[in-house]
Amino acid sequence: MTTPKVGLTIGSSDSSGAAGIQGDIKAMASIGCYAQTVLVGVTAQNTTGVVARHTVPVEFVLTQLDTVLDDIEVDAVKVGMTWSREHIEAIGDRLANLGVPVVVDPVMVTAAGASLAGADIGAAVLKHLFPVATVVTPNVDEARLLTGIADGTPQQLAERLVQLGAPAAVVTCGGPDGGEWFADHGTSVAVSRPGHRSGAEHGAGCAHSALIVGLLAHGLPLLAAVQEATTRAAAGVRDGLVSLGRGVHPVDFLKLGEPFLFDASTTTEKP
Ligand SMILES: Nc1ncnc2c1ncn2[C@@H]1O[C@H](COP(=O)(O)OP(=O)(O)OP(=O)(O)O)[C@@H](O)[C@H]1O
Ligand SMILES: Cc1ncc(CO)c(N)n1
């Protein structure tokens, strides 16, 4: 047996199973990456939206973080939905000098359009998470909140995020006709991918950043990881589970939309 690559995702539970921590675990597993998790919050959420949320106290978030870091070594880290200034500051402090890539997906607006964080979160993300990030991956709405450029294009926003202190930024603009943009200190390029009209985009953004984490854990250079994650996230939308949910259907990376053929003769060891 070989030791798998290990990702750590710090974020929140999506009870629908599509996005958040649950989505991250599945996206990382789809590329051979074991996922450890630190829960910052819990949402009552389905494919039509977020109904309620509950926050894990900062101290207990840090206890989870210290406990996992004390045991299984991580190859890359994702920071997803982080709720409050206090959580963001504490997490940023703990991630400084960790020595592995950190992908910051500052989740504030979901694919279903629900707002998940107050505006004051933006300043805390810039101050405490940008300095520890390898790359930040906001969607276009989140990037507009972070930069204050209300009508910015993905290119303008990605370049501005780098000026604001991120070493690199990918601004996602989901949807069949959207397009992503990557910028760092030497590069500013469009990231191409096909568009799909499946309506199965719930979890696409979380998967996108979790896939970047997994691909960085496997050793891909950043821009190659971003390109590959973007293509794979699009495939997850194409293959999404359109028969599940009344709202924005779940993405899928595990071929759960294909028939499961149970073969008793090959499955388990006989006693
Ligand atoms: N309709 C689509 N067709 C193809 N790819 C898509 C589509 N929608 C999203 N994607 C893929 O998913 C990635 C993330 O998209 P998006 O910008 O919608 O994330 P997000 O708004 O952060 O989503 P979430 O709320 O699920 O976190 C895109 O970079 C793209 O690769
Ligand atoms: C918990 C959670 N994290 C992230 C997202 C991304 O939109 C979501 N919908 N829910």
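The values are calculated or read from the model by the stated rules, or taken from the named source; none is laboratory data. Everything numeric here is computed off the predicted structure, so don't read it as measured data. Every residue, glycine as well, gets a Cβ built from its backbone with ideal geometry; the counts of neighbours run over all protein chains shown. Side chains are part of the model used for accessible areas, which takes the heavy atoms of the whole protein and leaves out ligands, DNA and RNA. Shrake-Rupley method; radii C 1.70, N 1.55, O 1.52, S 1.80 Å.
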Checking the condition of a type in the set (Val, Ile, Thr) and out of contact with any Asp or Glu (no Cβ under 7 Å at 6 or more places or on another chain), which residue from Val6, Val58, Val50 passes?
Val50
If you take the residues of the range 95-106 that are surrounded by 18 or more Cβ atoms within 10 Å (Cβ to Cβ) and not acidic (Asp, Glu), which of them is nearest to ligand 1 (Cβ to nearest atom)?
Pro106
Those residues of the range 11-62 that are open to solvent by less than 50 Å² (accessible area, probe 1.4 Å), within 16 Å of ligand 1 (Cβ to nearest atom) and in a loop (DSSP other than H, G, I, E, B) come to a total of 7
Search result, residues across the range 63-85 that are more than 16 Å from ligand 2 (Cβ to nearest atom), open to solvent by 10 Å² or more (accessible area, probe 1.4 Å), at pLDDT 95 or above and assigned to a helix (DSSP H, G or I):
Thr63, Asp66, Thr67, Val68, Leu69
Cβ pairs under 9 Å, 6+ apart or interchain, first in the range 218-234 and more than 27 Å from Ser198 (Cα to Cα), second assigned to a helix (DSSP H, G or I) and open to solvent by 60 Å² or more (accessible area, probe 1.4 Å), ordered by first then second residue, are Leu220/Glu228
Restricting to the range 217-255, what's the tally of residues that are open to solvent by 30 Å² or more (accessible area, probe 1.4 Å), among the acidic types (Asp, Glu) and under 17 Å from the mean Cα position of the chain (by Cα)?
1
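State the number of residues belonging to the range 4-55 that are closer than 24 Å to Leu69 by Cα and in contact with a strand residue (DSSP E or B) (Cβ under 9 Å, 6 or more places away or on another chain).
Looking only at that region, the number is 35.
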Which of the residues spanning the range 167-196 are under 17 Å from Asp141 (Cα atoms) and outside any strand (DSSP E or B)?
Cys173, Gly174, Gly175, Pro176, Asp177, Gly178, Gly179
May I ask you to list the residues in the range 197-216 that are in contact with a Pro (Cβ under 8 Å, 6 or more places away or on another chain) and not in a loop (DSSP other than H, G, I, E, B)?
His202, Val213, Leu216
Restricting the range 110-131 to residues that are open to solvent by 30 Å² or more (accessible area, probe 1.4 Å) and either of a type in the set (A, V, I, L, M, F, W, C) or modelled with pLDDT of 95 or more (or both), the one farthest from Gly7 (Cα to Cα) turns out to be Ala119
Pick from Leu39, Leu69, Leu65, Leu98: which is touching a helix residue (DSSP H, G or I) at 6+ places or on another chain (Cβ under 6 Å) and within 29 Å of Glu228 (Cβ to Cβ)?
Leu65
Here are some conditions: (1) within 16 Å of ligand 1 (Cβ to nearest atom); (2) open to solvent by 40 Å² or more (accessible area, probe 1.4 Å). Met1 meets all but one. Which one does it not meet?
(1)
Counting only residues that are of a type outside the set (Lys, Arg) and more than 11 Å from ligand 2 (Cβ to nearest atom), how many does the range 11-50 have?
14
Read through the list (1) in a loop (DSSP other than H, G, I, E, B); (2) modelled with pLDDT of 95 or more, then give the number of the only condition that Gln227 fails.
(1)
